[in-house]
Amino acid sequence: MATTAQPVAAREAVFVARALCKTYRMGEVDVAALRDVNLMLHEREFVVLLGPSGSGKSTLLNILGGLDVATSGALHYRDHDLVAADDAALTLYRRQHVGFVFQFYNLLPSLTAYENVALIAEIAHDPMPPAEALARVGLEARSGHFPSQMSGGEQQRVAIARAIAKRPDVLLCDEPTGALDAATGVRVLDVLETVNRELGTTTLVITHNADIARMAHRSLHMADGRIARELVNSERVPALALSW
């Protein structure tokens, strides 16, 4: 059953980007990955970012997450200037405020699920106990298992538990269901939806799957390095009701 979307525009902006550009030098050629992107993301918002390969989605996510820096324009996370920040400031920003989930799980194979999560909790300022993080993704019974003993969906849920263990303000997800079958992907999206709702984590999900946009407050469609279109959902479809 669809749920009426809560208004988010009145909430405090977490990210504000103005005329954001990113250009890469490829030999003697400049390649524009982002072109004058204007963007606001708000507290507790769930946003889906769509677009073909090469449209700038991952570049934008990496810049929002402090993994890369814009060539020009302005980008603020609350009172943090992410364009002017040096490497040390960006490292601190990532550590304190951002959780990442990628298409491939990047778990350490020699560590159990619990130990993979605990590794991140050890460097966080106010960490969630690893057991609680695993319980939030429904894997408390698998905490002693190694990645090789878990399915792809379970490994991705461990990756989400690892990301939320430091209680991030922002969760940035790059194709989190890209390596999963449809049924498993829906379960992973349900976990992300629950984290957004229960922890209030501002969540941005990159996907090629347009159907996933139905569960978001907003979807942003990128093309040629720009945000070409924005759609606001008056009603949101729960992740478990999605099918593709």
**Request:** Give the residue, chosen from Leu64, Leu49, that is modelled with pLDDT of 95 or more, out of contact with any Lys or Arg (no Cβ under 8 Å at 6 or more places or on another chain) and surrounded by 22 or more Cβ atoms within 10 Å (Cβ to Cβ).
**Result:** Leu64
**Message:** I'd like the full set of residues that are assigned to a helix (DSSP H, G or I) and over 17 Å from the mean Cα position of the chain (by Cα), limited to region 92-116.
**Reply:** Leu92, Ala113, Tyr114, Glu115, Asn116
**Request:** Taking only region 123-145 into account, find how many residues are buried (at least 17 other Cβ atoms within 10 Å of the Cβ) and either more than 20 Å from Arg187 (Cα to Cα) or free of Cβ contacts under 8 Å to residues at least 12 places away in the same chain (or both).
**Result:** 3
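A quick yes/no check of all residues on (1) of a type in the set (A, V, I, L, M, F, W, C); (2) crowded, with 17+ Cβ neighbours inside 10 Å; (3) in contact (Cβ under 8 Å) with a residue 24 or more places away in the chain:
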| residue | (1), (2), (3) |
| --- | --- |
| Thr23 | no, no, yes |
| Val37 | yes, yes, yes |
| Asp79 | no, no, no |
| Asp86 | no, no, no |
| Phe104 | yes, no, yes |
**Prompt:** Under the condition of being of a type in the set (S, T, N, Q) and either in contact with a His (Cβ under 9 Å, 6 or more places away or on another chain) or at pLDDT below 90 (or both), which residue from region 1-39 is farthest from Val237 (Cα to Cα)?
**Reply:** Gln6
**Request:** Could you name every one of the strands (runs of 3 or more DSSP E) located completely within region 149-244 that has at least 2 residues being over 14 Å from the mean Cα position of the chain (by Cα) and loosely packed, with under 15 Cβ neighbours inside 10 Å?
**Result:** 226-232
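The values are calculated or read from the model by the stated rules, or taken from the named source; none is laboratory data. Here the structure is a predicted model, which means the values were calculated and not measured. Reconstructed Cβ throughout: ideal geometry from the backbone, glycine too, with neighbour counts over all protein chains shown.
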